[in-house]
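Q: Mind having a look at this structure? Questions to follow.
The values are calculated or read from the model by the stated rules, or taken from the named source; none is laboratory data. Worth saying up front: this structure is predicted, and the values here are computed from it rather than measured. As a convention, Cβ positions derive from the backbone with ideal geometry for all residues, glycine included, and neighbour counts pool all protein chains shown. To get the accessible areas, we keep the full protein, side chains included, count just its heavy atoms, and leave off ligands, DNA and RNA. Shrake-Rupley method; radii C 1.70, N 1.55, O 1.52, S 1.80 Å.
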Amino acid sequence: MERTLLWMETLFFSALLLVGVAHCSQGRFAHKLLNDLMENYSSALRPVDDTDKSLNVTLQVTLSQIKDMDERNQVLIAYLWIRQTWHDAHLKWSKEEYDGLEVIRIPSSLVWRPDLVLYNKADDDFSGPVDTNVVLRYNGEITWDAPAITKSSCVVDVSYFPFDSQQCNLTFGSWTYNGNQVDITMGMDSGDLSDFVENVEWECHGMPATKNVIMYGCCSDPYPDITYTLLLQRRSSFYIFNLLLPCFLISFLAPLGFYLPADSGEKVSLGVTVLLALTVFQMMVAESMPPSESVPLIGKYYIATMTMVTASTALTIFIMNIHFCGAEAKPVPNWAKVLIIDYMSKIFFVYEVGESCACPFGQMEESESFHSQKQKKQLHPKDKAKGAPPTCCPDDDKPAAFTLTFDPCVYCGCRGNSGTLGCDPKLVRNVEYIASCFREQKATCLKVAEWKKVAKVMDRIFMWIFFIMVFLMSILIIGKAP
């Protein structure tokens, strides 16, 4: 048993020793291989055996993260992994001569690299990808994986903000080599999104790639490039709850200004306050949007709402002028009485205190005029001179608690010896003057009440009209979102 354990330990240490020797051998051969490859190698020249042939470079882009989308400056900041693959004719070896060594990793600065750049770069720093190591195979294939944070120009269309979608291009191509010297091919039909980190504001719906061959006016040679189109859709929940919903709720305060009583003195103040609140939200949207001719959808909604609030404030001022018509105002026209007081007040359920559907405003007016005419007839003693003389005032039979210096009663004091009325003309004129003043005051109050009711009915009409306008405007503008 002890011999078996000793034998197993010997085999284990022997295997470890062989592995260490093999690694040391590969390290020694890798060092020798690098020295042999770089002995007469120049990284300044295009690595081809025949200079008339083009060198094929395969490009593959992986989108890792969208760091920022600056709509105002129209700049997209993205984190990319860029993979370039090509064959170097001067960096080949026989793996049998180097102990089966197939792959080595060396600094990218030691080998020739294609000068692929981002054409639509919007950064002041023109440095390229990070100088990471390249993977070199025995057949001359070089693979260079390098991360890069790119700032590219992107034409932002904010017509449907915050329900907009954007298409940002990333165009890669050689800066100095034409298509006859370096030809660019696509590693995949689209960008790789397998390692994409989701953005809080934008959804990525794809990254298709296309190859273009452009003939510039300066040169007759073709210049190929590969364009990756980043398809982005904005997440609109943030803007709905922070910009659209407050505007929608504020816009409903404008029609409620018509429901506010005119005597409160706050109708115009409410309209001005709503207008100022909408102006603040409009400025917040304008600060984040690029200055362009296309007005954002939310901007159109704000402008329409502000126009409606301005119109409602102007109408409120007009209606308040009607409400506060004084005694010098003209009577309400007959057409206004029939259309507004008689019919529109019933449709919009506008009634005064003590007035109901069974007793409209017109019947109350007729009843009051009937009672006033009855009192008028009773105040003229000449109309009753032909009939039986009125009885003396009931209070005359009661013992007086104090002495009065006036006559006991108008009718009793005016009764003659023959039983007919013989009042003092001056006293009658005074009584008639007081009655006429009372009738004029009552007519003035009735006229003022009619104008107030006209104003109240108009307030109720415009309130419902503006409620419908706010609702329809919200549906029409938001319904335009794609």
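Q: Would you point out the residue of the range 149-173, among those that are open to solvent by 50 Å² or more (accessible area, probe 1.4 Å) and of a type outside the set (S, T, N, Q), that is farthest from LYS53 (Cα to Cα)?
A: TYR160
Q: Do we find that ASP225 is assigned by the TED database to the domain that holds ILE184 and over 26 Å from ILE77 (Cβ atoms) in this structure?
A: Spelling it out, it is not the case that ASP225 is assigned by the TED database to the domain that holds ILE184 and over 26 Å from ILE77 (Cβ atoms).
Q: Is it the case that some residue within the range 286-297 is part of a helix (DSSP H, G or I), at pLDDT 85 or above and more than 22 Å from VAL75 (Cβ to Cβ)?
A: no
Q: Another question, if that's okay. So which pairs qualify, if the first residue must be in the range 214-242 and free of Cβ contacts under 8 Å to residues at least 60 places away in the same chain, the second must be open to solvent by less than 50 Å² (accessible area, probe 1.4 Å) and of a type in the set (A, V, I, L, M), the Cβ gap must be under 6 Å, and the two must be at least 6 apart or on different chains?
A: Qualifying pairs under 6 Å: PRO224/ILE184.
The rows are residues; the columns are (1) under 25 Å from ASN321 (Cβ atoms); (2) open to solvent by less than 100 Å² (accessible area, probe 1.4 Å); (3) modelled with pLDDT under 80.
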{"position": "CYS409", "(1), (2), (3)": "no, yes, yes"}
{"position": "ALA449", "(1), (2), (3)": "yes, yes, yes"}
{"position": "LYS453", "(1), (2), (3)": "yes, yes, no"}
{"position": "MET463", "(1), (2), (3)": "yes, yes, no"}
{"position": "PHE471", "(1), (2), (3)": "no, no, no"}
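Q: Select, from SER269, SER264, SER345, SER288, the only residue that is of a type in the set (Gly, Ala, Ser), outside the structural domain of GLU201 (by the TED database) and closer than 23 Å to ALA481 by Cβ.
A: SER288
Q: Then there's this: Given the conditions (1) in contact with a Phe, Trp or Tyr (Cβ under 7 Å, 6 or more places away or on another chain); (2) over 30 Å from PRO290 (Cα atoms), which single one is not true for THR171?
A: Here THR171 meets the rest and fails (2).
Q: Right, another one. Being over 30 Å from LYS453 (Cβ atoms) and open to solvent by less than 40 Å² (accessible area, probe 1.4 Å): is that true of PRO291 here?
A: Against the criterion (over 30 Å from LYS453 (Cβ atoms) and open to solvent by less than 40 Å² (accessible area, probe 1.4 Å)), PRO291 does not qualify.
Q: Filter the range 72-128 down to residues that are of a type outside the set (Ser, Thr, Tyr) and more than 30 Å from ASP36 (Cα to Cα), then give me how many there are.
A: Total satisfying the criteria: 18.
Q: Look through the range 266-286, keep the residues that are touching a residue at least 24 places away in the same chain (Cβ under 8 Å) and open to solvent by 60 Å² or more (accessible area, probe 1.4 Å), and return whichever of them is nearest to LEU315 (Cα to Cα).
A: Selected residue: VAL272.
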